[in-house]
Amino acid sequence: MSGEILGIARRFGLRLADRIVTTPVTRWTWQGLAEQGYEGELPDFRPADGDAVREMMTGRYLLASKLVETGGTSPFAVDTEYSDWWNNLQGFSWLRHFRDVRDPGEKLFARTLVLDWIGREGSFDADSWTLTLTGQRVLNWLRHLPLLLDGATPDQAKTIQRSLGTQVQSLRVRGHLAADPVERMFAAMGLLGAELCEPAEKADVEQRLRQLDGALAEQLDTDGLHKSRNPRVQLTLLSELTSLRQAASRHGSPTFASLSNRIDRMHEALDALTLSSGEPAYFNGCGQVPHDILVAVQASGPAANRRSQILGGYGILRSGPSVIIADSGLRPPDKFDEEAHAGALAFEFSHGSELILGSCGPAPTDMAETRDLFRQSIAHSSPTIDDEDSYQPSRRSRGAILPDMELVPSEHMLVLATAGYEQRFGVEIERRLTLLGDGSTLVGQDRIVSRGEPKGHLGIRFHLAPGIAVHAPVGEGMRRLTLPNGSVWSFLWEGANLRQDDSVRQSSYLGFNRTLQLILEAEVAEGLEIGWIFTREH
């Protein structure tokens, strides 16, 4: 309890200090320390789309998979409910689409948008100057600084350089005051990017390398996975770190070697948590990610090592074209658990390019009231008792016993167990997942282990991927699943009753995809075992 109180006090103190350094009385000092002429540019490996430029010039902004038409007004003047769209706009990652333009009018348009942001948002604002957005904005402006300055008047160039310097100074002042670890990481990345673009006689790249390497050491687990256990956070960080590593490669030092090694481990962790369908598993706040960015990031890392393994509290089974990613339910540590989902014993299953079983995903950003609903165990392909989660959802509750997990590579089998129901229902749940026939058959077994007086109603949910049709052959105790690519799978079970219900899979591109879920149900009893099989027919 005392550690918890100290943590709360520390966060309060950091927030208070941040408010002090961002008051108008102290903010003016940023400007005086911000006079700096940045040179060169950071590399940008992300794909560019010339059509996106032409669409923006007509007032159509497709950002974060949301299309907003401004009617010719500034996008920074638009009031929108789509927070992802707004964050993408403020972060300026869309500047990459202007990277290869040659037309002076298109270059002028990019510079006009930057100057427009400076005119509207150039003074500190708590929403648009978060450390994450400021770090992203600094890095994206530095990546395309020659483009922004080409054709600019001396006054325009000075305005852009001064705004850059002010934002970098805000990262210097506020970075160490951030209570959120991801915010601190973006501050460190933004500062390294700025240092790499300073004149050589003024730059201290080694200091910023040490700062960023230290932040990564603090925020990654031993497998190279961010402690939030969120694959989307992993991808977001790698999309910036990959560019910074390329720019810093000429600064050979033990620190750079250490940083580069950590980034390689991050690539490997992200690859491990990517299904054969090409999307990361929907766990702990991860939903659909930009596929083109994912492919570009993965192409910039070491060769993928696609094997069965246990990593960061996840179990990964690979056999033939099939991949299973299962969540042990490991709770992210304090400060990293803002988007934690109750995913104990949940799994996602893909075969080739098709997703078969998954999770509902995180709540849509424009439906904040459903956030907690999507974080529950019932939104995952997992067993639950009385539809309750396998751990107490309070952020202050750290008493639940963590689940066990064992990989048996020779049998392509993963064994998971959770004691998260023991105190309330007197039982543990054990789940065995086995891939047979080069991945063409998935055999599952869920078993109740008594630890007291068993009680409750067991429900085992399988959230089917979008586009899967379910058929119930007359006179047969099975269900036939037809996937979007035409392949057919059979689902068989024993030891429970089956019912079918509606479900959804949240997509940032298409919104809600209406899907189906199969639910096996039985009363909790000592020694209860439920077996089930998904097998490919053709």
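The values are calculated or read from the model by the stated rules, or taken from the named source; none is laboratory data. Remember, it's a predicted structure, so these values are computed and weren't measured experimentally. Don't worry about glycine lacking a Cβ; one is built from the backbone with ideal geometry, like all the others, and counts go over all protein chains shown.
The condition (being within 30 Å of the chain's Cα centre (by Cα) and surrounded by 14 or more Cβ atoms within 10 Å (Cβ to Cβ)) is satisfied by just one residue among Thr515, Thr535: Thr515. Applying the condition of being surrounded by fewer than 16 Cβ atoms within 10 Å (Cβ to Cβ) and closer than 23 Å to Leu147 by Cα to segment 59-71 and asking which residue is farthest from the chain's Cα centre (by Cα) yields Gly59.
Condition check ((1) in a loop (DSSP other than H, G, I, E, B); (2) in contact with a helix residue (DSSP H, G or I) (Cβ under 6 Å, 6 or more places away or on another chain); (3) not aliphatic (A, V, I, L, M)) across all residues:
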position: Asp438; (1), (2), (3): yes, no, yes
position: Val443; (1), (2), (3): no, no, no
position: Ile448; (1), (2), (3): no, no, no
position: Pro454; (1), (2), (3): yes, no, yes
position: Arg461; (1), (2), (3): no, no, yes
position: Gly486; (1), (2), (3): yes, no, yes
position: Trp489; (1), (2), (3): no, no, yes
position: Leu492; (1), (2), (3): no, no, no
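Count of segment 218-269 residues, restricted to those that are in contact with a strand residue (DSSP E or B) (Cβ under 8 Å, 6 or more places away or on another chain), farther than 19 Å from Arg307 by Cα and in a helix (DSSP H, G or I), is 7.
Sort out which residues of segment 92-139 are assigned to a helix (DSSP H, G or I), farther than 18 Å from Arg172 by Cβ and among the polar types (S, T, N, Q), and write them in order of number. Give the steps one after another, and end with the answer.
We begin by selecting, within segment 92-139, every residue assigned to a helix (DSSP H, G or I); these are 93-98, 104-121, 131-139.
Pick out the ones that are also farther than 18 Å from Arg172 by Cβ and you get 93-98, 104-121.
Residues satisfying the conditions are Ser93, Thr112.
You will find that of Ala363, Ala326, the residue that is modelled with pLDDT of 95 or more and of a type in the set (Gly, Ala, Ser) is Ala326 and no other. Among the residues of segment 293-320, none is identified as on the phi > 0 side of the Ramachandran plot and among the basic types (Lys, Arg). Out of Leu142, Leu89, one residue alone is under 27 Å from the mean Cα position of the chain (by Cα), touching a residue at least 60 places away in the same chain (Cβ under 8 Å), in a helix (DSSP H, G or I) and crowded, with 17+ Cβ neighbours inside 10 Å. It is Leu142. For segment 463-484, a residue qualifies if it is assigned to a strand (DSSP E or B) and surrounded by fewer than 17 Cβ atoms within 10 Å (Cβ to Cβ), and the qualifying residues are Ala469, Val470, His471, Met478, Arg480, Thr482. Taking the criterion of being of a type in the set (D, E, K, R) and either buried (at least 24 other Cβ atoms within 10 Å of the Cβ) or within 30 Å of Arg184 (Cβ to Cβ) (or both), the residues of segment 323-360 that qualify are Asp327, Arg331, Asp334, Lys335, Asp337, Glu338, Glu339, Glu348.
What number of residues within segment 201-215 satisfy the criterion of being more than 20 Å from Trp141 (Cβ to Cβ) and small (Gly, Ala, Ser)? Even if it seems obvious, please write down each step before you answer.
Restricting attention to segment 201-215, the residues satisfying the condition of being more than 20 Å from Trp141 (Cβ to Cβ) are 201, 204, 206-207, 209-211, 213-215.
With small (Gly, Ala, Ser) added as a condition, the list becomes 214-215.
Final tally of qualifying residues: 2.
Scan segment 407-449 residue by residue and report those that are among the acidic types (Asp, Glu) and surrounded by fewer than 17 Cβ atoms within 10 Å (Cβ to Cβ). Give the derivation first.
Going residue by residue through segment 407-449, those that are among the acidic types (Asp, Glu) are 411, 422, 428, 430, 438, 446.
Answer for segment 407-449, where residues must be among the acidic types (Asp, Glu) and surrounded by fewer than 17 Cβ atoms within 10 Å (Cβ to Cβ): Glu411, Asp438.
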